């Protein structure tokens, strides 16, 4: 009889990769407990062939109010959580209810399952706070939560450990760092970086803003623009924005506190949106390749993920910044060296 796994937060970004892996490598039955049916959640589940799949059962429920009574569960992957730091600052109770009370309800449900093999609690490295230069954390480093989101995840971890020690719930805790990849919500910062390079934009910027209950919606405090160079990659742009943003934040806080910097409402009519990025976005048909200018933008935008690639002579060929290429099964080499080895390759 196939084993059964119950996944809370089953329509989430990280969950979609777990579901994809389970469907492809096991014969397990999957029960997804989802608080809501968002547009992006539906796209993710369809993308991993979980929608209308006879092996997948959907239950819509808010785990903070109680976990549906599903019997014969072998594994629990507790991934359901409120995860936005900015929202946790303006609405901490929402995060306490979901992340602390929700975890308590999941642990109590786990106690009713006599044959449960593992309870995986997905947490975050945010519980440790910011690392100083050269500092590394271990599993038992001291917690130093810097925001309500991190505090609720730390509390959820402590509950999980207590339920393991007291009730022998077989708990395993993971600490994930920032993650990105295909099926990521397009309002996330990484898809926006990629879109800027793909569109050939020449400027980008960083804005310091006050948070409210909506995503990227609060009033602005300060903004700074900078040029996107012709050799900018997603990786380099991300690093540049982090450096510029941290410096701007330190310059903004004193002025905001003494009243010299006043909040300014955004013009929400000017808001733009990108799309969810997938591995297929990096693909092009070798018979109809993009122009050299567009190919250059794709290579820079999709590095280091998902990379630009095509199929030629039955093999995957990848393109990298600085005129480097790689054919499936071989090392990365310069374009010049690649073309010496494969003179019939159609893109020169």
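The values are calculated or read from the model by the stated rules, or taken from the named source; none is laboratory data. Note that the coordinates shown come from a computational prediction; the quantities given were computed from them, not determined experimentally. Here the Cβ positions follow ideal geometry from the backbone for every residue, glycine too, while neighbour counts run over all protein chains shown.
Listing for the model above:
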read-out	value
Matching residues in region 4-48 - criterion: being more than 16 Å from residue 81 (Cβ to Cβ), in contact with a strand residue (DSSP E or B) (Cβ under 7 Å, 6 or more places away or on another chain) and either at pLDDT below 95 or buried (at least 21 other Cβ atoms within 10 Å of the Cβ) (or both)	5, 19, 22, 30, 37
Which numbered condition residue 296 fails, given (1) in a helix (DSSP H, G or I); (2) touching a residue at least 60 places away in the same chain (Cβ under 8 Å)	(2)
Any hit, region 136-150, residues being crowded, with 20+ Cβ neighbours inside 10 Å, under 19 Å from the mean Cα position of the chain (by Cα) and in the same structural domain as residue 110 (by TED's automatic domain parsing)	yes
Residue in region 137-144 that is closer than 17 Å to residue 88 by Cβ, part of a helix (DSSP H, G or I) and modelled with pLDDT of 90 or more present	no
Filtered residues of region 268-285 (kept if at pLDDT below 90, in a loop (DSSP other than H, G, I, E, B) and surrounded by 13 or more Cβ atoms within 10 Å (Cβ to Cβ))	274, 276, 277, 278
Residues (surrounded by 16 or more Cβ atoms within 10 Å (Cβ to Cβ) and not in a helix (DSSP H, G or I)) located in region 151-174	169, 171, 173
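Per-residue answers, yes or no, for (1) on the phi > 0 side of the Ramachandran plot; (2) outside the structural domain of residue 210 (by TED's automatic domain parsing); (3) loosely packed, with under 10 Cβ neighbours inside 10 Å:
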residue	(1), (2), (3)
266	no, no, no
287	no, yes, yes
291	no, yes, yes
294	no, yes, no
298	no, yes, no
302	no, yes, no
305	no, yes, no
